[in-house]
1. Which of the pairs 6/48; 55/90; 37/86; 48/92; 55/98 have their Cα atoms more than 25 Å apart in this structure?
2. May I ask you to evaluate 6.51 cos²θ - 1.76 cosθ + 1.60, the Karplus curve with θ = phi - 60°, for each residue of the stretch 30-42 and list the ³J(HN,Hα) values in order in whole Hz, giving x for glycine and proline?
3. What is the dipole size for the chain, taken about its Cα centre, with +1 at each Lys and Arg Cβ and -1 at each Asp and Glu Cβ, in debye to the nearest 20?
4. Near the amide H of residue 44, under 5 Å away, which other amide H atoms are found, from residues 5 or more places off or on another chain, if H is placed in the peptide plane?
5. Need the full-extension length gain, residue 48 to residue 29, defined as separation in residues times 0.36 nm minus the C-alpha distance. One decimal, nm.
6. Taking R0 as 25 Å, what's the FRET efficiency between residue 90 and residue 6 from their Cβ-Cβ distance, rounded to 0.05?
7. What value, in deg cm²/dmol to 500, does the helix sum -39500 (n - 2.57) over DSSP H runs of n ≥ 4 give at 222 nm once divided by the residues of the chain?
8. Compute the normalised compactness of the chain: alpha-carbon radius of gyration over 2.2 N^0.38 Å, N being the residue count.
Amino acid sequence: MVIKKKVVVCYSDIVIRELRCNGYTVRDILILWKSLKPEHLRRVHIHKEEIQQAKNLALQQNVPLGDAFHAILARNNDAILISRDKDFEKLKDIIHTKRPEDYLSIPNSFNIS
C-alpha cells in the first residue's frame, strides 16, 4: 500500500474485527500495517461513553452499530473516515468521509471494497 498524501491511518479493535470477518488473516493484517511507516499508523481505543454514543447514533440514524462506532471514533479523533459505505452519508453531519482511492494506492492483494 502506498499513501498518496500525508496521513495517519487510525484503526481500532473494531477495524481488526471487521477485517477478520471479511476473510483477512492476522498475518494479512500485520502485512498491511507493516506496509505503513510507523508515523502513519495510530491505534485508537473506544471508551465507555463512546459506546453509548455509538448505540444512540445507530438507533437515531438507522445505521449499523459498527458504522456508528467508526463515526464516533473518527469524530473524536479528528479523523476523516475513509470508506465507500453508503451508510456514512447519513452521518455526514458529524464526520467527513473520503474514498480509499483518494488517499491510498492499494495492491490487488489488499483490494478492500
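1. Those over the limit are 6/48; 37/86.
2. Working through the residues one at a time gives 5, 4, 4, 5, 5, 6, 9, 5, x, 6, 9, 9, 9 Hz.
3. Working: 19 positive and 14 negative charges, 66 e Å.
Roughly 320 debye, rounded to the nearest 20.
4. 11, 12
5. Details: separation 19, 0.36 × 19 = 6.84 nm, distance 2.59 nm.
Length gained, residue 48 through residue 29: 4.2 nm.
6. Details: r = 29 Å, r/R0 = 1.17.
After rounding to 0.05, the efficiency reads 0.30.
7. On the way: 4 runs with 44 residues, N = 113.
Result for the chain: -12000 deg cm²/dmol, rounded to the nearest 500.
8. 1.05
Here, each number is a calculation from the coordinates, and none is a lab measurement. Note that the structure is a prediction, hence the values are computed from the model and not measured. Note that each Cβ is placed from the backbone with ideal geometry, even for glycine, and that neighbours are counted across all protein chains shown.
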